[in-house]
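Since every read-out is calculated from the coordinates, none of them should be taken as a lab result. Values in this document were obtained by computation on a predicted structure and should not be read as measured data. With ideal geometry, Cβ positions are generated from the backbone for all residues, glycine too; neighbour counts draw on all protein chains shown.
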Amino acid sequence: MSQTSLKARMLEAFRKRMLMFIIGVSSVFAILALQLINLQIVQGNEYSLRATRNMENNIPIPAPRGEIYDRHFQKGVSGTVIVSNRPSFNLTTIPESFKSDDELLGVLTRLSAVIEINPVELLAEIKKSNAWERFLLKDDVPFDVVEKIASHRNVFQNIHWEDAPIRVYNYGELFAHSIGYTGSLNKEEYNSLKNQGYKYYQNIGKAGVEKQYDRHLRGEDGFIRRIVDVNNRTEDEEVGQTPFGGNNIVLTIDYDIQQTAFDALGDNYGTVVVIKPSTGEVIAMVSKPGYDPNAIISKDNSKTIRDLNADPKKPFLNRSIQSRYPPASTFKLVTAIAALETEKTHADKSHYCSGKYTLQGYVDHDFYCFKPHGTLDLYWAIGKSCSVYFYNLGMSVGPSNMMKYADYLGLSEITGIDIPGEISGFVPSQRWKLKTFGQPWFDGDTINMSIGQGFLAATPIGLANMLCGIVNNGIVYKPYLVKQIYSPDNRTVISETKREKLREVPLSPTTLEIVKQGMRDTVIGGSGQSMNRYKVAIGGKTGTAQTRSNRKDNISQHAWFVGFAPYGEQTDDSIVVTVFIEYGQWGAVAAVPVADKIFGKLIQQGYFKTQDKENISRK
């Protein structure tokens, strides 16, 4: 091989190696260039933000929730403040600020000497959270504790505090079921709401108006920007964003009527609903037993919540909208309407009451009245609540017509009131019974339905709205609790609830007048005579619902009263009152005295124009 050929091959190999080296070096520089572009241009904003975060410590400032007033609020002249706020502090930390779990546990242990926390349990809870997100350690911390932590930063490193207004329910249990309460976001709530602007540390409405109108009440949080050094020591502080308070709410509820209803119920389990039929405004809504919202709004409320949920008295249950019971004799109004509208009877048609009605069949069966009434027309059958009369009426009109008019009057539907959790009443049908029990509809079922027993069930709010339709000449409006929403400074009305028609029941004026006159007779000479002393004419209907269970004192009946005032020509001033008492024995004994006190307060407060009841009573 010649020397020239060897040199040529060596030169060629060198060229190849040099080319590979140049390609390798170029590739490395290309990768570095691309990464530089990625870091500075593509992800520049993110890394800039991270760098800023290393220098800044943004502390959230929760916005104060809007206040809640009763119906008498006026611009510039505050009404009764039902819910307000008081100043307080939250203690928080960012878990990633600690080098190890042991370091975090040490700080929590020292912190437990000044506030009531369990360091081990709290650490376990923190480890389940996002280490980069601020974690709420303790809410409602007094200023002296914050002062102690601030003066010993070397002991409580990476522990922060921020202003956090605390909700104050100024009347405790009185408005518990209508207003509800607030609480911290649980994991499921946060995951479903974080894309809607909710933050992990915020409180939200958990029930009632607080929950339904949470977006109006919660406002917009701000934050404090703290500039820190590498040792997390504060070098400067400024307000990055000022919090914007939530909107204020004016209720339709009258504090004085609410308090009267609450006191009148006493120690009974039950509910009162007071509604204005011409608009749907709820003047009062009380449910007992209840709970104090102030006792369950802290972060550490889990035991209190568990105890309330386990309480057999069911204090969380809003009996106004979340319970249903046999409507008993209040349903006789529906039976009467169905019979009159289908022309199966007329007001002057009489029946004789011997104290019982015998349903003849293969085996005769007796259905009883609570006493013999003699001969009665429809007016006094309603006024005296004669079951025998309505047994005859029910058999005459038939189950389908009673069911139809019960549906017309909304007893099988929710009212749509503006708080969550409402359930509907229940109106059975022949098909339902066959499907459920494998049995046909019997005449005995018709007898029971005619007086509001058997398979029927109604909610107190549903019965109240049914009577609103009767009083309001067939027009039924949706009940509501929020009258107006104001701006945080109370200068501007953000929104105002307008009445919303639910249905218009096609009832003749004659039918309505007969039924209302029968209810007036209840007060003139029936089970509601105690209310005949007022100068305003009142109409009403009692009910005593049979149940399948007994209380310890062997009382197995629930007590109802539904009533309205003033009796006479329908006006915008009309008010409907519904009272229900669990195991109240008799409507006249338990429910009427409660309604009596409420109507007395309504009259005292000037809700009605004074009338001469003698001039409008049926002679």
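For the reader, a short list of remarks on this structure follows.
- Within straight-line reach of Lys128, meaning a Cα separation under 15 Å, sit the following aspartates and glutamates at least 8 residues removed in sequence or on another chain: Glu96, Asp101, Glu188.
- Sorted fewest first by neighbouring Cβ atoms within 10 angstrom, Ser26, Ser450 come out as Ser26, Ser450.
- Between Asp443 and Asn58, residue separation times 0.36 nm minus the direct Cα-Cα distance comes to 131.3 nm.
- Once backbone amide H atoms are built at 1.01 Å from N, Ile249 has Glu67, Ile68, Tyr69, Tyr486 as its partners under 5 Å, excluding neighbours fewer than 5 places away on the same chain.
- Computed as a quarter of the hull surface, the mean projected area of the alpha carbon convex hull for segment 243-382 stands at 15.8 nm².
- Förster radius 25 Å - calculated FRET efficiency between Val120 and Gln241 (Cβ-Cβ, nearest 0.05): 0.10
- Segment 60-129 and segment 491-552 have Cα centres lying 46 Å from one another.
- Couplings 3J(HN,Hα) of segment 495-511, computed from phi: 7, 9, 6, 9, 5, 10, 6, 7, 6, 10, 7, x, 10, 6, x, 5, 4 Hz, in residue order, whole Hz [Karplus 6.51 cos²θ - 1.76 cosθ + 1.60, θ = phi - 60°; x for Gly and Pro].
- Here the extension length gained between Leu359 and Ala8 equals 113.8 nm, from 0.36 nm per residue of separation less the Cα-Cα distance.
- Checking every one of the trypsin sites (Lys or Arg not before Pro) in segment 78-133 against DSSP loop status and a limit of 14 other Cβ atoms within 10 Å picks out Lys99, Lys128.
- Segment Leu36-Arg110, length gained on full extension (0.36 nm per residue, minus Cα span): 22.1 nm
- For the chain, the dipole from Cβ point charges (+1 on Lys and Arg, -1 on Asp and Glu) about the Cα centre works out to 1260 debye, to the nearest 20.
- Per-residue Cβ neighbour rank within 10 angstrom, fewest leading, Asp521, Asp443: Asp443, Asp521
- Label-to-label distance for Thr304 and Asp292 is 0.9 nm, based on points extended 7 Å past Cα in the beta-carbon direction.
- Neighbour count of at most 11 Cβ within 10 Å plus DSSP loop: longest GluC sites (Glu not before Pro)-free window in the chain: 117-342
- If you sort the three axes of the alpha carbon gyration tensor as a ≥ b ≥ c, you get a/c of 1.5 or more for segment 56-251 and a/b above b/c, which makes it prolate.
- Modelled spin labels at Glu413 and Leu193, positioned 7 Å past Cα toward Cβ, are 3.1 nm from each other.
- Restraint check, Lys483/Lys516; Lys127/Lys194; Lys384/Lys516, Cα-Cα greater than 23 Å: Lys483/Lys516
- Remark: segment 8-17, residue by residue, has Karplus-estimated 3J(HN,Hα) of 5, 5, 5, 5, 5, 5, 5, 4, 5, 5 Hz, where x stands for each Gly or Pro and the curve is 6.51 cos²θ - 1.76 cosθ + 1.60 at θ = phi - 60°.
- Among the trypsin sites (Lys or Arg not before Pro) within segment 423-516, those in coil by DSSP and having at most 10 neighbouring Cβ atoms inside 10 Å are Arg491, Lys498.
- Simple label model, 7 Å out from Cα along Cβ direction - Gln604 to Ser487, nm: 3.9 nm
- Set Lys541/Lys601; Lys206/Lys303; Lys138/Lys206; Lys288/Lys535 screened for pairs whose C-alpha atoms are more than 24 Å apart: Lys288/Lys535
- Other-chain or far-sequence residues with amide H under 5 Å of Val168's (modelled H): Ser84, Asn85, Arg86
- Between segment 368-388 and segment 285-354, the alpha-carbon center distance in angstrom: 25 Å
- Counting neighbouring beta carbons within 10 Å and listing from fewest to most, the residues His72, His346, His558 come out as His346, His72, His558.
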